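Working notes, structure below.
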Amino acid sequence: MGMGIIIPKEVIEEIKKIKNSTKKLKYRDEAVISLNLLEIKKFKTAILNEKIVDKGIVKFAKQNPDAVIATLDRGIKSRIPNKKLIIRGKKKLEITR
């Protein structure tokens with residue numbers, strides 16, 4: 001059984017908005033790096049069809065119970081029953097329930 005990475009197109013659009021925003025330079029730089037990585041790796045994308053991205057991610061998770069959701073957003077993590085990919089101490093990745 002293999003896993004694939006799917007990035008919602010709406011998330012990519014949010015990253016583009018950050019890149020072009022007046023937010024701190026650190027966040028804009030992180031957005032540029034993220035977009036470059038997405039372009040290099042050619043991840044699969046999905047359209048959530050929700051105006052509110054968080055709501056779309058939760059809906060996607062509930063429709064795909066075997067999906068592992070990677071997010072730092074506590075609100076999303078608390079609203080989904082799926083397994084979650086967590087970053088521990090900036091050095092470890094962990095999948096939790």
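What follows draws every value from the coordinates through simple rules; no lab data is involved. Just so we're clear, the structure is a prediction, and the values are computed from it rather than from any experiment. FYI the Cβ positions are ideal-geometry reconstructions off the backbone, even for glycines, and counts take in every protein chain you see.
Rounded to the nearest 500, the 222 nm mean residue ellipticity of the chain from helices alone is -14000 deg cm²/dmol, with -39,500 (n - 2.57) taken per DSSP H run of at least 4 residues.
Sorting Phe43, Phe60 from the fewest to the most surrounding beta carbons within 10 angstrom yields Phe43, Phe60.
Here's how it looks for Lys84: its modeled amide H is under 5 Å from those of Ile69, Thr96, Arg97, which are all 5 or more places away or on a different chain. Close amide H pairs (under 5 Å, H built 1.01 Å from N) link Ile7 with Lys44, Thr45, Ala46, residues at least 5 positions away or on another chain. For the chain, the longest principal axis of the Cα atoms and the long axis of helix 25-41 meet at an angle of about 60 degrees. Our summary gives the chain a relative contact order of 20 percent, counting only alpha carbon pairs under 8 angstrom and 6 or more residues apart.
For the range 80-92, putting each phi into the Karplus relation 6.51 cos²θ - 1.76 cosθ + 1.60 with θ = phi - 60° gives couplings of 10, x, 5, 5, 10, 8, 10, 9, 10, x, 6, 10, 10 Hz, in residue order, rounded to whole numbers and with x for Gly and Pro. Below 22 Å, Cα to Cα, which lysines can Lys62 reach? Residues fewer than 8 away in the same chain don't count. By straight Cα distance, Lys62 reaches Lys9, Lys44, Lys51, Lys77, Lys83, Lys84.
Remark: the range 52-66, residue by residue, has Karplus-estimated 3J(HN,Hα) of 9, 4, 4, 4, x, 5, 4, 4, 4, 4, 5, 7, 10, x, 8 Hz, where x stands for each Gly or Pro and the curve is 6.51 cos²θ - 1.76 cosθ + 1.60 at θ = phi - 60°.
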